[in-house]
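J.: Starting off with a structure, shown below.
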Amino acid sequence: MTLATEQNTEERSLSSTSQAMLAMRSEVFDVWEASVRANIDEAVGVSGPLLTNTLPAFYDNIAEAVTPSYPRADGASGSTAMSAHGGERARVTPFRADQVVLEYQLFRDAIADTARRRQLRLTAAEWRVIELSVDVALRDAIREFSLIHERIRERLAATLSHDMRNPLSLILGGSQLIGACQELRTAHRAAAKIEAGARRLDQMVTQLVDTLTFERVDQLPLVLSEFDIQALLHTVAQDFHRDSQPAVAIQAAPIVGHWCRNSLHRAVENLLTNAIKYGDGQQVRIKADTIRGRLMLSVHNDGAPIAADQRERIFAYLRREGEGKAGAGWGLGLPFVRSVAEGHGGSVSVDSAPGRGTTFILDIPLDCRPLVPAPQS
């Protein structure tokens, strides 16, 4: 079954080369992961599901694009999955930008090496699609990686200019008082203020280091439990089974993981609401699958595609596509979905283009416990 981001469940009209690429997916990722861990020091402590990230869907997109008649020019066209990849790398791994570049080069090499071992002969045109896909995906990933680090730097500058003023004033005032006073007791009080200010600064520096490593500001409070995503999907879909609404089809085996039930329920509910609203009255499909320790949950509709210049913007807070029109939306639901995905240590992306419809993909680890802070008591 293809994991491609537009929810192509039938692998329709794919060439023999595309089929062969899909068949060797697991081997490609085994080669790639071993190579990344051997060549990127920062990857050593990153778990398998976090390292895998959104790449399996991207790989299947490439396999589709290799078929000349398939409506996908390259593995990254019409999809924000690779921006999501770069965002995850910035938020939940210690990767540097040059290491993101290297992992894509290793990914391309893993495809070539596996194809040679399997004696899969790629034509020049097919290999050009693969190289173009990697180049475009790398550009999208690095752009998002850089934007997130830019926001972190801006937050750092704001913290340095505001929050540190009080402890610095204590230290400065205390040192001036010690220099001017003649009484030992006064000097002791001033020294205590200096010590308090220094301790506060030390705490701030620790917080800043955490911020520079992970972007965790305004993260949703999540309560994790173990449950079956299939059961949750049927529960959510049941609320949409009305005569006046299009059918909701679910394709999901039992998949048990550690997630926040309430937030995932609301996220799927939001995705279904949008899919029905923009689906032109046609059937909406929900699909859940697993790959290398990650859950890929997608909601698809066959309505008009999202414009290319809107695909990234629809996740922005209070962004409402079609403002003033009947049925205007995309205001709060999708930013919430993004917060849920990122809070679970994953990401959300969209694949939308003529001939493929629109698919939103929640891609998160099966076990989010190492990535979610424990609730404050």
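Every number here is computed from the coordinates shown, using simple stated rules; none is lab data. Here the structure is a predicted model, which is why all the values come from computation and not from measurement. Every residue, glycine among them, receives a Cβ derived from its backbone with ideal geometry; neighbour counts consider all protein chains shown.
J.: Does the range 16-155 classify as rounded, prolate or oblate by the C-alpha gyration tensor (a ≥ b ≥ c root eigenvalues; a/c under 1.5 gives rounded; else a/b over b/c gives prolate, otherwise oblate)?
T.: Taking the square roots of the gyration eigenvalues as a ≥ b ≥ c, the range 16-155 is oblate.
J.: Averaging over all projection directions, find the projected area of the Cα convex hull of the range 224-371 and quote it in nm² with one decimal place.
T.: If you wrap the Cα atoms of the range 224-371 in a convex hull and average its projections, you get 8.6 nm².
J.: So, one more: Using amide H atoms built in the peptide plane, which far-off residues or other-chain residues are under 5 Å from residue 249 H to H?
T.: So residue 249 has HN proximity to 284, 285, 286.
J.: Ordered by packing density, taken as the mean number of other Cβ atoms within 10 Å over each peptide's residues, highest first, how do 337-350, 132-145, 103-116 rank?
T.: Ranked by mean Cβ neighbours within 10 Å, highest first: 337-350, 132-145, 103-116.
J.: Let me ask something else. Taking the Cβ of each residue in 52, 2 as the centre, tally the other Cβ atoms inside 10 Å and list the residues starting with the fewest.
T.: Going from sparsest to densest Cβ surroundings: 52, 2.
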